[in-house]
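Trainee: Okay, here's the structure, questions in a sec.
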Amino acid sequence: KLARLPYRKSLDDFDFSFQPSLDERFVRELATMTFVQRNENLILLGPPGVGKTHLAIAMAIEAIAKGLSVYFVSLTHLVEDLRKSYEENRLDKRLRVYIRPKVLVIDEVGYLPLDSLAANLFFQVVGARYERGSILLTSNKSFGEWGELLGDPILATAVLDRLLHHSHVLNIRGQSYRLREKLTSGVYG
Ligand code: ADP
Ligand code: MG
């Protein structure tokens, strides 16, 4: 299918007991996809390894099961793809790939800073989807750090304004699932 999920992990594969900062009932309510029917966004925030991508994939699988179109992309891939299209004078056509799906998953916002063209292309995608389709976004950065991330505090405010107006934010504050054995066996302690 067109979703291009990096791997398959469902909501039932997610161990909520490991992540007590997450409200399982609220996550399961989101998984009914009524927020997508309302064109609202879902933002998953937290440090590496807490399950942001896992939950984004799980939501994508729920959306597909409901017959909704989904496209999954990392922010780095999205902006590099659009940069290429921009340089080849076919940006408008390529933008449609990211505007058409009912759900666009933008993974890994924050790991790499954006130059001004990249930040602008990200803004175009968020702006074009505003009140028209859902964005499901994961980030290791708090919103206050987006000015630095986008290299432009005014543009960051404009992006966040559209992204957060109709949105749900899940802040995951727990420990990395990847490091759980190492943490409990004391390697990191
Ligand atoms: P993040 O995107 O927040 O950096 P991931 O979603 O990629 O983290 O999670 C890292 C790995 O740990 C993945 O294999 C994911 O399936 C697994 N994982 C994370 N949290 C949980 C959890 N609470 N229950 C089960 N597996 C989890
Ligand atoms: Mg991730």
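Trainee: Being under 15 Å from the mean Cα position of the chain (by Cα) and over 25 Å from His165 (Cα atoms) is true for just one of Arg8, Arg4. Which residue is that?
Mentor: Arg4
Trainee: Let me ask something additional. Looking only at segment 62-89, count how many residues are crowded, with 19+ Cβ neighbours inside 10 Å and within 16 Å of ligand 2 (Cβ to nearest atom).
Mentor: 4
Throughout, read-outs are computed from the coordinates displayed, never taken from laboratory work. Note that the coordinates shown come from a computational prediction; the quantities given were computed from them, not determined experimentally. Reconstructed Cβ throughout: ideal geometry from the backbone, glycine too, with neighbour counts over all protein chains shown.
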